[in-house]
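Note sheet for the following structure.
The values are calculated or read from the model by the stated rules, or taken from the named source; none is laboratory data. In this text the structure is predicted, and so the values were computed from the model without any measurement. Glycine also receives a Cβ, built like all others from the backbone with ideal geometry; neighbour counts cover every protein chain displayed. Side chains are part of the model used for accessible areas, which takes the heavy atoms of the whole protein and leaves out ligands, DNA and RNA. Shrake-Rupley method; radii C 1.70, N 1.55, O 1.52, S 1.80 Å.
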Amino acid sequence: MVSAVFHAPLEAAGAAVDRPAPRPAAVPVPAANDPVAPAAAAATTAATPAASRTPIDWRGIVLRVLPPILGIGLLIGIWSLTAMTSNGAFPTPTETWKQAVTVFGDPFYRKGPNDQGIGWNVLTSLQRVAMGFGMAAVVGIPLGFLIGRFSFLSRMFNPLISLLRPVSPLAWLPIGLMVFKGANPAAIWTIFICSIWPMIINTAVGVQRVPTDYMNVARVLNLSEWKIVTKILFPAVLPYMLTGVRLAVGTAWLVIVAAEMLTGGVGIGFWVWDEWNNLNVKNIVIAIFTIGIVGLLLEFALIKLATAFTYEDVKL
């Protein structure tokens, strides 16, 4: 008969080791009435975050801030030199700044149909851009999907796009005036026809660059065309599509200024041309900076939109 004997863990440990293991050094515990102990503990606690604090990258800050300042300074220097050599024909930066304070002091005044503040002119131009650009997006993006998806349509529309895309924007303006019998719809038509090409081309290229494995999986799963577009093509094509939208809105904002110079009425382009007829060069310079700032804000807004919907690093 075999009997099993179980030993306690402490007894087994004691049998295996001849001598006890050395005890760790005792941590001194401060007395309750020791006045130095709380201060030392507080100093130790305060020193811990300070030790882990990351140093300030002054070199990175300088490299980020200094180049734009130097660029603006160079522009102001060239501007001042040009004003000095023009014998008063071209305004200095100081004179233009004083005039800008006056112009933007009341940007929304109305003194007649052709005499309105710069705020109304900018808003009118933005309204035309929004209408023409919106119609171009409604037509151009679906057409780009179709051209990229079906090779027959690609071979059909590629010659037309190659023929019409290089045409100057202002060449379309007389066609709009003849067809629509009005300056405002003609300007919107010009925006439409000039901003549609980047959206068509970028969307079609994005569809054509979708990996073949994705489409093979769609065929295996026997997905419908609607699910292929919404579940496979649209997420993959979104970065290309947003790039086309950015290019299109930049083109639209450039074209509207030139179109309004020719059509007249209210708008930032007409405002520039009207100030030239009045020989008010300071207001022309103000309008140039206003056009640039509005275009920069539009670009920045679209970059934020693209960054929110894509994983790519989108930059100016």
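Observations, loosely collected:
- ARG64 vs. criteria within 23 Å of the chain's Cα centre (by Cα), among the basic types (Lys, Arg) and on the phi < 0 side of the Ramachandran plot: yes
- Across the range 51-60, the qualifying residues are those that are open to solvent by 80 Å² or more (accessible area, probe 1.4 Å) and in a helix (DSSP H, G or I), and the one among them that is farthest from ILE293 (Cα to Cα) is ALA51.
- Matching residues, the range 220-256, being more than 25 Å from GLN208 (Cα to Cα) and either open to solvent by less than 20 Å² (accessible area, probe 1.4 Å) or in a loop (DSSP other than H, G, I, E, B) (or both): ALA252, TRP253, VAL255, ILE256
- Only residues that are open to solvent by 30 Å² or more (accessible area, probe 1.4 Å), touching a residue at least 40 places away in the same chain (Cβ under 8 Å) and of a type in the set (A, V, I, L, M, F, W, C) were counted in the range 178-196, giving 3.
- THR230 touching a helix residue (DSSP H, G or I) at 6+ places or on another chain (Cβ under 6 Å) and either polar (S, T, N, Q) or over 30 Å from PRO113 (Cβ atoms) (or both): no
- Some residue of the range 123-134 being over 27 Å from the mean Cα position of the chain (by Cα), of a type in the set (D, E, K, R) and either in a helix (DSSP H, G or I) or surrounded by 12 or more Cβ atoms within 10 Å (Cβ to Cβ) (or both): no
- Taken over the range 159-176, the criterion of being surrounded by 18 or more Cβ atoms within 10 Å (Cβ to Cβ) and free of Cβ contacts under 8 Å to residues at least 24 places away in the same chain is satisfied by TRP172, GLY176.
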